[in-house]
Amino acid sequence: MVNLIWLIMLVIGILISAINGQIEIVTVSAMKAAELGVEVAIELIGVMSLWLGLMRLAEEAGIVKGIARLFGPVVRLLFPTLKPDSPALGAIIMNLSANILGLGNAATPFGLKAMQELQKENPTPDTASPAMITFLALNTSCITLIPATIIGVRLKANSANPTEIIGTTIVATGCAMTSAIIVDYLFRRRATK
Amino acid sequence: MKAIAEISRWAIPLLLLFIPVIAFLRKVPVYESFVAGAEEGFNTGVRILPFLIGMLVSIRIFVDSGALNILAHWLQPIFAYFGLDSNVAAIIPLAIMRPLSGSGALGVATQLIHQYGPDSYIGRLASTLQGSTDTTFFVLTIYFGSVGIRKYRYALKLGLLADFIGLIASIWIVTKTF
């Protein structure tokens with residue numbers, strides 16, 4: 001599926017550029033995107049190191065375990081396949097908390113860490129485990145309390161009330177997250193039958 | 001609303017204060033442990049690099065070619081079919097862009113907010129949509145790629161479905177609220 005989408009985007013993009021007589025767009029875009037990939041990765045190494053360092057402290061001090069125990073009942077409901085003391089739980093909870101608070105660049109390191117921990121418990125290393133799929137569904141549809149970036153854009157565009165969209169955003173993400181949880185449950189049940 | 005904004009402002013400084021202090025009180029060698037944990041950051045960054053570049057190149061060529069506007073044009077009758085204001089069609093490029101590219105979607109949203117005004121229907125809808133859904137397709141490919149997962153099973157279907165429901169919910173709540 002991903003292979004196909006990747007190819008389709010590439011082919012359609014090149015064909016349309018050719019039809020429009022602007023084939024040079026393809027060259028420029030490809031080079032720029034490749035450079036951007038390195039920039040993003042280098043930036044990520046910085047934030048990632050910071051948060052993983054902090055997370056190691058939290059782990060050794062027993063804070064991660066404490067948080068995982070606190071959210072235990074909810075997490076067991078959402079991730080029935082995970083062990084109750086799984087080391088992935090701390091990273092999952094930190095990732096979702098960062099998402100909820102709108103701290104995007106703190107969320108990614110915890111998310112990648114959570115995936116590494118989930119992969120250690122995955123019996124089929126080339127295939128997504130149910131816990132991974134649930135985690136990604138929650139991660140991408142997570143409730144957002146502070147859409148900080150877009151509030152900034154509205155502020156710059158001289159909005160009379162830049163924060164008025166916080167309420168609508170919470171409702172919209174709430175709907176998306178609730179349906180993601182329900183549909184994930186249905187898919188998972190169908191897959192294990 | 002103000003309280004939430006304050007929590008967001010204080011969250012990181014407080015984490016940076018309390019985690020090391022608590023760890024120190026529990027006899028953890030704080031600096032050495034921090035460095036040991038941070039070491040992992042480099043490997044992860046390097047591991048996701050090829051996935052980042054692969055996806056960014058394909059998405060960027062697709063977006064820069066103008067394919068998005070053509071696709072949006074095709075999808076317009078579907079919106080009309082559901083009896084939605086023809087105005088809403090202006091949001092289609094953003095809705096398609098959102099799962100693919102974070103910076104791309106922010107660019108489209110910013111342009112819509114400036115073109116229609118931040119306090120217009122489209123401006124509010126674009127703001128809500130931008131704040132409420134994630135770069136699902138992109139996140140999935142990078143996260144799965146970083147640990148070597150090749151078969152996603154129903155993950156992509158599920159993520160994009162949630163995005164679609166987020167879109168419908170955004171249109172509904174913005175129409176109802178303002």
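The values are calculated or read from the model by the stated rules, or taken from the named source; none is laboratory data. Since the model is a prediction, treat every value here as computed from it, not as a measurement. We place every Cβ from the backbone using ideal geometry, glycine too, and count neighbours over all the protein chains shown.
Step by step: first the residues of the stretch A:155-179, then only those that are under 24 Å from B:A162 (Cα atoms) and among the hydrophobic types (A, V, I, L, M, F, W, C), then the one that is surrounded by the most Cβ atoms within 10 Å (Cβ to Cβ). Which residue is that?
Among residues in the stretch A:155-179 that are under 24 Å from B:A162 (Cα atoms) and among the hydrophobic types (A, V, I, L, M, F, W, C), the one surrounded by the most Cβ atoms within 10 Å (Cβ to Cβ) is A:I165.
Of the conditions (1) exposed (fewer than 15 other Cβ atoms within 10 Å of the Cβ); (2) assigned to a helix (DSSP H, G or I), A:G21 clears all except one; give me its number.
Checking A:G21 against (1) exposed (fewer than 15 other Cβ atoms within 10 Å of the Cβ); (2) assigned to a helix (DSSP H, G or I), the one that fails is (2).
Does any residue of the stretch B:144-157 turn out to be among the aliphatic types (A, V, I, L, M), out of contact with any strand residue (DSSP E or B) (no Cβ under 9 Å at 6 or more places or on another chain) and within 21 Å of A:I170 (Cα to Cα)?
Scanning the stretch B:144-157 turns up no residue that is among the aliphatic types (A, V, I, L, M), out of contact with any strand residue (DSSP E or B) (no Cβ under 9 Å at 6 or more places or on another chain) and within 21 Å of A:I170 (Cα to Cα).
Give the residue, chosen from A:S97, A:S86, that is without any contact (Cβ under 8 Å) to a residue 60 or more places away in the chain, in the same structural domain as A:S141 (by TED's automatic domain parsing), buried (at least 19 other Cβ atoms within 10 Å of the Cβ) and of a type in the set (S, T, N, Q).
A:S86
Provide a single number: the residues in the stretch B:140-174 that are of a type in the set (V, I, T), touching a residue at least 12 places away in the same chain (Cβ under 8 Å) and at the interface with another protein chain (Cβ under 7 Å from one of its Cβ atoms).
3
Among the numbered criteria (1) touching a residue at least 24 places away in the same chain (Cβ under 8 Å); (2) over 27 Å from B:G37 (Cα atoms); (3) within 8 Å of chain B (Cβ to nearest Cβ), which single criterion is violated by A:L10?
Of (1) touching a residue at least 24 places away in the same chain (Cβ under 8 Å); (2) over 27 Å from B:G37 (Cα atoms); (3) within 8 Å of chain B (Cβ to nearest Cβ), only one is false for A:L10: (1).
With respect to B:S103, determine if the residue is within 22 Å of A:V153 (Cα to Cα), within 10 Å of chain A (Cβ to nearest Cβ) and either of a type outside the set (A, V, I, L, M) or buried (at least 21 other Cβ atoms within 10 Å of the Cβ) (or both). Full working, then the answer.
Numbers: within 22 Å of A:V153 (Cα to Cα): yes; within 10 Å of chain A (Cβ to nearest Cβ): yes; either of a type outside the set (A, V, I, L, M) or buried (at least 21 other Cβ atoms within 10 Å of the Cβ) (or both): yes.
Yes: the conditions hold for B:S103.
Somewhere in the stretch A:43-53, is a residue farther than 23 Å from B:E32 by Cβ and more than 7 Å from chain B (Cβ to nearest Cβ)?
There is at least one residue in the stretch A:43-53 that is farther than 23 Å from B:E32 by Cβ and more than 7 Å from chain B (Cβ to nearest Cβ).
Among the residues of the stretch A:110-131, write down those that are within 7 Å of chain B (Cβ to nearest Cβ) and either closer than 29 Å to A:G167 by Cα or buried (at least 24 other Cβ atoms within 10 Å of the Cβ) (or both).
A:G111, A:L112, A:M115, A:A128
Conditions: (1) surrounded by fewer than 18 Cβ atoms within 10 Å (Cβ to Cβ); (2) touching a Ser or Thr at 6+ places or on another chain (Cβ under 8 Å). B:A169 meets all but one. Number of the miss?
Condition not satisfied by B:A169: (1).
Can you name the condition, by its number, that A:A98 falls short on among (1) within 30 Å of B:L14 (Cα to Cα); (2) facing chain B (nearest Cβ under 7 Å)?
(2)
What are the residues in the stretch B:117-134 that are surrounded by 24 or more Cβ atoms within 10 Å (Cβ to Cβ), among the polar types (S, T, N, Q) and more than 8 Å from chain A (Cβ to nearest Cβ), if any?
Answer for the stretch B:117-134, where residues must be surrounded by 24 or more Cβ atoms within 10 Å (Cβ to Cβ), among the polar types (S, T, N, Q) and more than 8 Å from chain A (Cβ to nearest Cβ): there is none.
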